Amino acid sequence: MRKQLALLSAAVMCVLSGCNKVTFTENTAAVTTEAVTTVPVTEEATTTAAPTDATESITEYTAYDTSLLSSPEDIGLHDTDGNGVDYIFSYGGEEFFALYEPDNWHITDSYKIEDEDDILLICQALISVHPIHSADMQSYRAAEDMAFEWHQHNLAYSLLPDSSEWKSNAKDVDLDSKDEGKGLFNFLMDRPDSNEQTE
């Protein structure tokens, strides 16, 4: 019985795997079973894209996820008006706006830059011009910590549906002292609906 079950299992596996020749030999007097199968040595793997939900619109944008920078100077960060507030930097052939307010860098469309090494270099360029205080207001934030916050914003942006009102907030990053060391969970917990809090 065990051999017949093994034979049946082998036959099913052969059929499912696409074997084109299966030969069965069974000797009932000696109760022996033999199975010969021809299995192709190489098979091509086929991947199929998951269907998208047609009810949800898909945001298309150019994302830079391959390191383009070798130093903070590569972005060409410069003050546009000489007031130390409005800055522009270049990345991947595109200009990005950076607004400096006391202890805060606001990067418009930061979601477009995804490469972690490049984000780190951009943060190094920003704090070389205007360092940002840490949460204790005594020391300053490290570029690594600011890059982590930026990455959390990018993660939130990629996970939120286009219909979410939070998505428009996640497309830009504010690198300030109050968000130092916070992960995605902390950001979401800090952003409950303000109408519910005031009622």
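The values are calculated or read from the model by the stated rules, or taken from the named source; none is laboratory data. Keep in mind the model is a prediction, meaning the values are calculated, not measured. Here the Cβ positions follow ideal geometry from the backbone for every residue, glycine too, while neighbour counts run over all protein chains shown. The accessibility values were calculated without ligands, DNA or RNA, using every heavy atom of the protein model including side chains. Shrake-Rupley method; radii C 1.70, N 1.55, O 1.52, S 1.80 Å.
Quick rundown of the values:
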read-out	value
Residue list for segment 92-108, restricted to those being small (Gly, Ala, Ser) and either touching a Pro at 6+ places or on another chain (Cβ under 7 Å) or surrounded by 14 or more Cβ atoms within 10 Å (Cβ to Cβ) (or both)	Gly92, Ala98
Residue count for segment 129-162, restricted to those that are part of a loop (DSSP other than H, G, I, E, B) and within 13 Å of the chain's Cα centre (by Cα)	1
Residue that is nearest to Ala98 (Cα to Cα), among those in segment 65-78 that are open to solvent by 50 Å² or more (accessible area, probe 1.4 Å) and not aliphatic (A, V, I, L, M)	His78
